[in-house]
1. Identify, please: which residue in segment 98-124 is assigned to a strand (DSSP E or B) and closer than 26 Å to Glu61 by Cβ and is, among those, farthest from the ligand (Cβ to nearest atom)?
2. Of all residues being in contact with a helix residue (DSSP H, G or I) (Cβ under 9 Å, 6 or more places away or on another chain), surrounded by 11 or more Cβ atoms within 10 Å (Cβ to Cβ) and small (Gly, Ala, Ser) in segment 48-103, which is farthest from Thr116 (Cα to Cα)? Just the residue, please.
3. Does Leu124 satisfy being closer than 13 Å to Ile68 by Cα and modelled with pLDDT of 95 or more?
4. Please list, ordered by first then second residue, the pairs with beta carbon atoms under 8 Å, 6 or more apart or interchain, first in segment 64-86 and more than 14 Å from Gly127 (Cα to Cα) and away from the ligand (no atom under 11 Å from the Cβ), second of a type in the set (Gly, Ala, Ser) and in a strand (DSSP E or B).
5. Going through segment 125-134 one residue at a time, which ones are farther than 17 Å from Gln85 by Cβ and either outside any strand (DSSP E or B) or of a type outside the set (Lys, Arg) (or both)?
6. Suppose we filter segment 2-37 for residues that are under 24 Å from Asp142 (Cβ atoms) and assigned to a helix (DSSP H, G or I); how many remain?
7. Scan segment 15-34 and give yes if some residue there is within 20 Å of the chain's Cα centre (by Cα), surrounded by 11 or more Cβ atoms within 10 Å (Cβ to Cβ) and of a type in the set (Lys, Arg), otherwise no.
Amino acid sequence: MPNQIESDQLVRFSVAMPESLLMNFDEFVARRGVAKNRSEVVRDLVRDALIRDRVDRVGSEVVGTLTITYNHHASEVSETLHRIQHSYLNMVVSSVHVHIDEDNCLEAIILRGEVTDVRLVADLIAGTKGVKHSGLSITTVDQEF
Ligand code: NI
């Protein structure tokens, strides 16, 4: 696979930016810890932008982590969340339930499938009456990046 090896070689290029932007970026790099330098942080940011672009395209196979919080005393919320997850069991890879305090629960639900389907199921769950807060993080594993 000579092409693959060639494409993984590091290529240097120069970037021009305002000095103030660079100073802020260097502080950002410093906060990432000693193991990260400018080049590594730029590579991380480029990969993140490419993955965000990729997962926005209809047809992309993705993995989504949906985190929700809810009060388990709210009427039927637990039953409804359970019913939705059983309806889409081919997409629900796993879920973790944490009892935050006497009233509140946190659930992290891992969804896998085509991006439009993942967003649809995530919206169904997040839109359930009684869910207080939700956040969806979508990623993909792509050899290109
Ligand atoms: Ni609970």
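1. Of everything passing the filter in segment 98-124, Glu114 is farthest from the ligand (Cβ to nearest atom).
2. The residue in question is Ser95.
3. Yes; evaluated as a whole, the condition is true for this residue.
4. Gly64/Ser137; Thr65/Ala108; Thr65/Ser137
5. His133 - this is the single residue of segment 125-134 that is farther than 17 Å from Gln85 by Cβ and either outside any strand (DSSP E or B) or of a type outside the set (Lys, Arg) (or both).
6. The total comes to 6.
7. Checking segment 15-34: at least one residue is within 20 Å of the chain's Cα centre (by Cα), surrounded by 11 or more Cβ atoms within 10 Å (Cβ to Cβ) and of a type in the set (Lys, Arg).
The values are calculated or read from the model by the stated rules, or taken from the named source; none is laboratory data. Bear in mind the structure is a predicted one, so any value in this text is a computation, not a measurement. Cβ sites come from the backbone with ideal geometry, for glycine too, and all protein chains shown count toward neighbours.
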